[in-house]
Amino acid sequence: MSHYTRRDFFQFWRRLAPAAPAVADGETHAEAAAPAHPTAERDDGLPGYLRPPGALAEALFVATCDRSHECIKACPYEALLPLGEAYAAAQGTPVILPETHPCRLCSDLPCIAACPSGALAPTPLDEVSMGLARWSEENCILTHGDLCTACIAACPVSPVTLWTEGGRIVVDAERCTGCGMCVYACPTAPRSLTIG
Ligand code: SF4
Ligand code: SF4
């Protein structure tokens with residue numbers, strides 16, 4: 001039997017948030033609500049990215065964000081960057097790039113507090129969900145018999161949401177926030193963790 005978690009509730013609420021402004025002509029809110037995370041593989045070859053904590057679902061987020069960059073200015077870790085013009089309609093919207101600019105999961109979420117448009121919706125820290133860490137064994141140092149716990153040490157969630165099990169990295173999908181700190185800390189090239 002599937003169970004419906006508090007995190008599921010907040011994700012569902014963000015996707016249907018009535019405060020979101022009009023979406024494109026002919027587009028329903030249901031259509032605008034997907035995908036939840038824009039970090040999945042892109043068809044256009046451009047690098048993927050994460051949205052900041054509390055972000056509405058992708059199409060609503062792009063329609064709602066006023067490009068004021070108040071969240072970017074409020075982030076104490078310079079984790080947020082504006083998308084460039086190659087991203088067309090999403091140009092200027094804030095993103096997190098886990099390999100170089102992960103989210104530190106600030107306890108007071110100043111990015112959300114600073115957002116004037118509602119594109120970043122108030123969200124409890126333990127309900128933040130930007131994506132999910134996925135481990136790839138191919139390049140991981142553990143796979144080759146050596147010890148490495150860099151990703152585990154970097155996880156800001158308490159207790160941490162990833163650990164080793166039988167020489168593999170296991171991620172708690174219920175509690176992982178997708179902050180990208182594990183990706184940032186991973187010393188392999190390519191990284192042995194991605195956020196999807
Ligand atoms: S939680 Fe903190 S580190 Fe993460 S994007 Fe918001 S302000 Fe930046
Ligand atoms: S497993 Fe990685 S992405 Fe998930 S919360 Fe921990 S550091 Fe962040």
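The values are calculated or read from the model by the stated rules, or taken from the named source; none is laboratory data. Given the structure is predicted, the values throughout are model-derived calculations rather than measurements. For neighbour counting, all protein chains shown are included, and Cβ atoms are generated from backbone atoms with ideal geometry for every residue, glycine included.
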Only one of these conditions is not met by MET181: (1) more than 12 Å from ligand 1 (Cβ to nearest atom); (2) within 28 Å of ALA74 (Cα to Cα); (3) surrounded by 18 or more Cβ atoms within 10 Å (Cβ to Cβ); (4) outside the structural domain of LYS73 (by TED's automatic domain parsing). Which number is it? (1)
Name the residues in the stretch 143-160 that are more than 16 Å from ligand 1 (Cβ to nearest atom) and on the phi < 0 side of the Ramachandran plot, would you? THR143, HIS144, ASP146, LEU147, CYS148, THR149, ALA150, CYS151, ILE152, ALA153, PRO159, VAL160
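To keep it simple, each residue is scored yes or no on (1) within 16 Å of ligand 2 (Cβ to nearest atom); (2) more than 22 Å from ASP66 (Cβ to Cβ); (3) crowded, with 21+ Cβ neighbours inside 10 Å; (4) of a type outside the set (Asp, Glu).
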site: PRO102; (1), (2), (3), (4): yes, yes, yes, yes
site: PRO110; (1), (2), (3), (4): no, no, no, yes
site: GLY118; (1), (2), (3), (4): no, no, no, yes
site: LEU125; (1), (2), (3), (4): yes, yes, no, yes
site: VAL128; (1), (2), (3), (4): yes, no, yes, yes
site: LEU132; (1), (2), (3), (4): yes, yes, no, yes
If we keep only residues of the stretch 84-97 that are over 15 Å from the mean Cα position of the chain (by Cα) and either surrounded by 15 or more Cβ atoms within 10 Å (Cβ to Cβ) or basic (Lys, Arg) (or both), then the residue nearest to ASP66 (Cα to Cα) is GLY92
Checked against (1) of a type in the set (Val, Ile, Thr); (2) within 17 Å of GLY180 (Cβ to Cβ); (3) in a helix (DSSP H, G or I), VAL62 satisfies every condition except (2)
Picked from the stretch 124-135 (must be within 11 Å of SER192 (Cβ to Cβ) and away from ligand 1 (no atom under 16 Å from the Cβ)), the residue nearest to the chain's Cα centre (by Cα) is ARG134
Selection count where residues are over 18 Å from the mean Cα position of the chain (by Cα), surrounded by 14 or more Cβ atoms within 10 Å (Cβ to Cβ) and closer than 14 Å to ARG191 by Cβ, scope the stretch 136-162: 8
Test for ALA114: is it hydrophobic (A, V, I, L, M, F, W, C), away from ligand 2 (no atom under 12 Å from the Cβ) and in the same structural domain as THR64 (by TED's automatic domain parsing): yes
